[in-house]
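Encoded as structure tokens, the structure appears first; notes follow it.
The values are calculated or read from the model by the stated rules, or taken from the named source; none is laboratory data. Worth saying up front: this structure is predicted, and the values here are computed from it rather than measured. Ideal geometry is used to build each Cβ from the backbone, glycine not excepted, and the neighbour counts take in all protein chains shown. Side chains are part of the model used for accessible areas, which takes the heavy atoms of the whole protein and leaves out ligands, DNA and RNA. Shrake-Rupley method; radii C 1.70, N 1.55, O 1.52, S 1.80 Å.
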Protein chains: 6
Amino acid sequence: MDLLKEYRDRRSAQNKKVIDNADKVVKRIFSLDTITFHDGALDAKTKEMIGLTTSLVLRCDDCVKYHLEKCVEVGYTKEQIIEGMAVGNVVGGTIVIPHLRRAVEYLEALFDEKENA
Amino acid sequence: MDLLKEYRDRRSAQNKKVIDNADKVVKRIFSLDTITFHDGALDAKTKEMIGLTTSLVLRCDDCVKYHLEKCVEVGYTKEQIIEGMAVGNVVGGTIVIPHLRRAVEYLEALFDEKENA
Amino acid sequence: MDLLKEYRDRRSAQNKKVIDNADKVVKRIFSLDTITFHDGALDAKTKEMIGLTTSLVLRCDDCVKYHLEKCVEVGYTKEQIIEGMAVGNVVGGTIVIPHLRRAVEYLEALFDEKENA
Amino acid sequence: MDLLKEYRDRRSAQNKKVIDNADKVVKRIFSLDTITFHDGALDAKTKEMIGLTTSLVLRCDDCVKYHLEKCVEVGYTKEQIIEGMAVGNVVGGTIVIPHLRRAVEYLEALFDEKENA
Amino acid sequence: MDLLKEYRDRRSAQNKKVIDNADKVVKRIFSLDTITFHDGALDAKTKEMIGLTTSLVLRCDDCVKYHLEKCVEVGYTKEQIIEGMAVGNVVGGTIVIPHLRRAVEYLEALFDEKENA
Amino acid sequence: MDLLKEYRDRRSAQNKKVIDNADKVVKRIFSLDTITFHDGALDAKTKEMIGLTTSLVLRCDDCVKYHLEKCVEVGYTKEQIIEGMAVGNVVGGTIVIPHLRRAVEYLEALFDEKENA
């Protein structure tokens, strides 16, 4: 089945449940997450790369997928994303490799979608 | 397929294999895990909330499911469980969000089951 | 030197530097941290225990010290705090022991201070 | 479906994508990973056990599966592998249990395959 | 005592001991670490920011200090570094705060040194 | 001051406080920790190496020191211990390096003590 669609549909269905049940703290976390990636002294594009690579070393596949989407959106090339993740892989070690595998698979699907758009 | 049944059946089948193959150390870990959540100076109910929230920040989905079952059993409301997990989400950061998503989905299924019992 | 004073002075001096240099995101994290531990569906006292035990399993000594102070403040006994941390120790394993050691040392100092107040 | 085949096919398909897209840093990580498990002052067999148990405490299921294959290959018995993982379980705590469950399931499949070869 | 000097002297003395005792695998890790932060499709400056923020979320104080030195060297302003670390703090949660405190203290010392050079 | 003595004295003083305050769960964790490293299907010597390397990748300096003492006691050479830790460094990434630095420093002190005994 479609890798991109599976993630996007599941994420959006689950997010709806979280929002429906959220207390004020959870709501604040969600709104904080949004303002975190705005332009400031550091540009939004670099912040997206930080979002991706910190998610990778913390080995959160769903977070990685989310930030891969964002990194493609803000204009990183496939080569740049791979090199950014390679830094994370050195920092985080070979236990990051299975997450890199899933990330590259998702990244390829994202660029396929983009080229066929 | 049924979210609750999938987890319960898989956990119980896999636990059987672990017990069948366990050395004395693994057996002790299992028995330690059981006595940990008894009433003492601190009540068992609070201990279950600790079990849930420490599992959440350590991002172990199966552990979270297990402790969600226990938290519902000992009488926490859905709102209380959400607020407990919200504390964990602040402490553990946005990388906890995908685990919170799966937890809320499971929690809703647990309360649906309870209401239809 | 005094264990309590060393932590409190360092924390407060360092916090001043963080606040002086904070962007709006860091400010929000600090204010979020504060509202997280308010009474709600779940009482503030239980939330402090969650703050302590999640910090312990994530092995953050300074966070543990902070929440030990809070747990004593909101009225937990020494025995209750030990039992709460014991749950965290089972969940997080023997690598938590060095953090438990430092926590118990700090906890004893806190109760000494309280009794001599 | 077949547990061993699912892992092996997925790993090999995903590894191909990683290699196709790898920059020089990722390539070096892969080659470093290979030379790490050679005989030296410490024998290769003990190094495989280290690979397995460090992967287990870091809770990386795919890494665990990979090192289970290797540990069976270099001649560890099922009992030895279980005892090695039990050490990891004590060090890493009960949050390791769900990973132990999946590991034991995979290990049984590996020994079934071996006996039927 | 001098914060910068303490870290630099200790790191350099300890690194000497590691190199003196290193097997070929440790040597390769050290050389890999060096080539990781070179210009490529992604510029070296962005890679240094990734090095800093991934170290922060993994809560390694010495790694953070090392990358703070590098980030100042490659020309990031104090405000940019704070904003980068703020992203890490959202991703990694409030357990990152004690590490952020130590990082900001070190960062101030670095900029003091630079202004007095 | 003496690196070995500092660790040993602090550990033993703090352990006394933990034992004085321990509930039955903490006591069980301590006794479980002891039986874990006994001979079984897997020899005690290999188990000590697992104790060391899992502690290293989980980045617990005090646990690493404890297991370094044990590994020297059971007869590993300095070269073997370095190679074992090198495996952990590959698995756990460059964030393990500061812990490796402290470990090698401690290991040298242990072998100095042994040679001068």
Find the sum over both chains of the accessible area lost when F and E are paired, probe 1.4 Å, and report it in Å² to the nearest 100.
1700
In chain E, which Cys residues have no partner Cys with a Cβ closer than 4.7 Å?
E:Cys71
Treating the angle as unsigned and between 0 and 90°, give the value, to the nearest 10°, between the Cα long axis of helix C:97-115 and the longest Cα principal axis of chain C.
90
Find the accessible area per residue for chain A; the probe is 1.4 Å, ligands and nucleic acids are left out, and the unit is Å².
38
Distance between the C-alpha centers of the stretch F:77-117 and the stretch D:1-46? Whole Å please.
25
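Run the dipole for the stretch B:3-115 about the Cα centre, Lys and Arg Cβ at +1, Asp and Glu Cβ at -1, nothing else charged, and hand back the magnitude in debye, nearest 20. Before the final figure, lay out the partial values.
Working: 18 positive and 19 negative charges, 104 e Å.
For this selection, approximately 500 debye.
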With a Förster radius of 45 Å, plug the Cβ-Cβ distance of D:Lys45 and E:Ala41 into 1/(1 + (r/R0)^6) and report the FRET value to the nearest 0.05.
0.65
Place the label 7 angstrom along Cα→C-beta at F:Lys45 and in each other copy, then list the distances from the first to the rest in nm, shortest first.
1.1, 5.5, 5.6, 5.6, 5.8
If Lys and Arg each add +1 and Asp and Glu each add -1, what is the summed charge of the other residues whose beta carbon sits under 11 Å from the beta carbon of D:Ala86?
+1
Accessible area of the stretch C:3-115 belonging to carbon and sulfur atoms, whole % at 1.4 Å probe:
50
Please check: in the Gaussian network model of chain F (C-alpha springs, under 10 Å), which one of F:Ile95, F:Ile82, F:Ile29 has the largest mean-square fluctuation.
F:Ile29
Spatially proximal lysines relative to F:Lys16 (Cα-Cα < 26 Å; intrachain offsets below 8 disregarded):
B:Lys47, C:Lys5, C:Lys65, C:Lys70, C:Lys78, C:Lys114, F:Lys5, F:Lys24, F:Lys27, F:Lys47, F:Lys65, F:Lys70
Relative to the other copies, what are the label-point distances for B:Leu4, with labels 7 Å from Cα along the C-beta vector, expressed in nm at one decimal and sorted shortest first?
3.7, 3.7, 4.9, 6.0, 6.2
Report the label-to-label distance for E:Phe111 and D:Phe111 in nanometres (one decimal), using points 7 Å from each Cα along the Cα→Cβ vector.
6.1
Charge dipole (debye, nearest 20) of the protein assembly as shown; +1 at Cβ of Lys and Arg, -1 at Cβ of Asp and Glu
0
List the relative contact order of chain D as a percent without decimals, with contacts defined as Cα pairs under 8 Å and 6+ residues apart.
26
Vicinal HN-Hα couplings computed from phi for the stretch A:62-71 (Karplus, 6.51 cos²θ - 1.76 cosθ + 1.60; Hz; Gly/Pro x):
5, 5, 4, 4, 4, 6, 4, 4, 5, 5
For chain A, the Cα-Cα pair-distance distribution in 10 Å bins from 0, as whole percents, is 12, 41, 36, 11, 0
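Per DSSP helix of 4 or more residues, -39500 (n - 2.57); summed, then divided by the residues of chain D. What does that give at 222 nm, rounded to the nearest 500?
About -26000 deg cm²/dmol.
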Out of B:Ile29, B:Val91, B:Val72, whose Cα points farthest toward the positive end of the dipole of chain B (charges: +1 Lys, Arg; -1 Asp, Glu; placed on Cβ)?
B:Ile29
Can you name the residue in chain E whose Cβ lies closest to the E-to-F rotation axis, and give that gap in whole Å?
E:Arg59, 5
